[in-house]
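For reference, the structure I am asking about is given below.
Quick note: the coordinates plus some simple rules give every number you see, no bench work behind them. Given the structure is predicted, the values throughout are model-derived calculations rather than measurements. Positions of Cβ are backbone-derived with ideal geometry, glycine not excepted, and every protein chain shown enters the neighbour counts.
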Amino acid sequence: MAQVEATTERVVAADPETVFDTLADYAGTRAKLLPGHFSEYEVREGGDGEGTLVHWRLQATSKRVRDCLLEVSEPTDGELVEKDRNSSMVTVWRVTPAGEGRSRVVVTTTWTGAGGIGGFFEKTFAPKGLARIYDAVLAKLAAEVEK
């Protein structure tokens, strides 16, 4: 079984603190950033960054749905880590300065993929599909913070 990784990034016209606070606002703004691939969104504990427990279903393809229960931590400044209790999936959001009044947001998701031929196809195609989903999240984030 191989490690599978999907990464996408975007520079947004807002300061890093605003961008990070928007991403960390699971009780408010975060749900508005999620495209139609996400459903059953529910904050179960906390709601603002570290200590949040959030649930959603992620429909990556017509046949592939993940039921996610994510524990949120903030190991360093500008970093949110979402660890799924139901799988090996971990998503890391990093927000860093990208010039005056701008921020770079990088989102990386990793998980342990399947073995065999299924694992080959997962490692080949899943990162591209997940990158498209997170591109949509980052576009909505940019629209939210660049108001």
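Under a Cβ-Cβ cut-off of 13 Å, what is the net charge of the residues other than Gly101 that fall near it, where Lys and Arg count +1 and Asp and Glu count -1?
Around Gly101, the surrounding residues sum to -2.
Taking amide H atoms as placed 1.01 Å from N in the peptide plane, list the residues 5 or more away in sequence, or in a different chain, whose amide H sits under 5 Å from that of Gly46.
Those qualifying (amide H under 5 Å, at least 5 residues apart or on another chain) are Leu53.
Rounded to the nearest 10 degrees, what's the angle between the helix 116-145 long axis and the longest principal axis of the chain, both from Cα atoms, 0 to 90?
Relative to the chain, helix 116-145 is tipped by roughly 20 degrees.
What is the range 13-147's relative contact order, in percent, from Cα pairs under 8 angstrom and six or more apart in sequence?
23 percent
Using unit Cβ charges (K, R positive; D, E negative) and no other charged atoms, how large, in debye to the nearest 20, is the dipole of the range 1-40 about its Cα centre?
Dipole about the Cα centre, nearest 20: 160 debye.
For Lys32, which lysines qualify as cross-link partners when the Cα separation must be under 18 Å and same-chain residues fewer than eight apart are set aside?
Lys140, Lys147
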